[in-house]
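What follows is a short report on a single structure.
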Amino acid sequence: MTKKKTTQVAPTKTRASRIVGLKRFVSKLSHPALILLVIALIVAANIMSRLVTARIDLSRGQAYTLTDSSKKIVSAISGEPVKMTFYQSSTLPSQLQPVARDVRDLLTEYDRAGNVQVSYIDPVSTEDQQAAEAAGIVPLQFSLTKRDQLEYSKGYFGIVIARGKDSQVVSQAIQLGDLE
């Protein structure tokens, strides 16, 4: 005679019973503990949102997304990575700020698409300015009106694309369409 072993399966909790259990748990917490729990949940959600990024391009003609041919080219890069260095002065006039944001977004797309490393340099120091000019970045001259006085300044807004000993320079990255 063999004894048949029977196992009991725990009844699965329904969604409603889980919600009731959560409500009981929360109602038993003191106000400071509840506040700490909410803060902890917000911090955890913030950390997780940084790990998972998604970007949806709803613009007409997918203007802020790499074309399929660019994605294929970048994903086919093997071996040594392509290094893109974007020299952008923080003192650029406000008219160029939207273009600068678009260039950064495009470079981020390249960085995500394949074997591309992107770095950003604000050439504030004389050393960085000399490095930018030695690489072929031409400084832009700007005239600004401040307090009814005309002031002139220079800024950098170019990209150096290098792989190994080969390099290309976009000395003035003003036209976004030319970058892809």
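The values are calculated or read from the model by the stated rules, or taken from the named source; none is laboratory data. From a predicted model like this one, the values you see are computed outputs, not experimental measurements. Cβ atoms come from the backbone with ideal geometry, glycine included; neighbour counts cover every protein chain shown. Side chains included, ligands, DNA and RNA excluded: accessible areas come from the protein's heavy atoms. Shrake-Rupley method; radii C 1.70, N 1.55, O 1.52, S 1.80 Å.
Pick from Ala113, Ala131, Ala135, Ala100: which is open to solvent by less than 40 Å² (accessible area, probe 1.4 Å) and more than 27 Å from Ser59 (Cβ to Cβ)?
Ala135
Enumerate the strands (runs of 3 or more DSSP E) found wholly within the stretch 101-174, keeping only those where 2 or more residues are over 30 Å from Lys71 (Cα atoms), touching a residue at least 40 places away in the same chain (Cβ under 8 Å) and of a type outside the set (Lys, Arg).
Of the strands (runs of 3 or more DSSP E) lying wholly inside the stretch 101-174, those with at least 2 residues that are over 30 Å from Lys71 (Cα atoms), touching a residue at least 40 places away in the same chain (Cβ under 8 Å) and of a type outside the set (Lys, Arg) span 140-146, 149-155.
Keeping to the stretch 132-173, report how many residues are over 25 Å from Val82 (Cα atoms) and basic (Lys, Arg).
3
State whether one or more residues within the stretch 161-174 are modelled with pLDDT of 85 or more and aliphatic (A, V, I, L, M).
Yes, because at least one residue in the stretch 161-174 is modelled with pLDDT of 85 or more and aliphatic (A, V, I, L, M).
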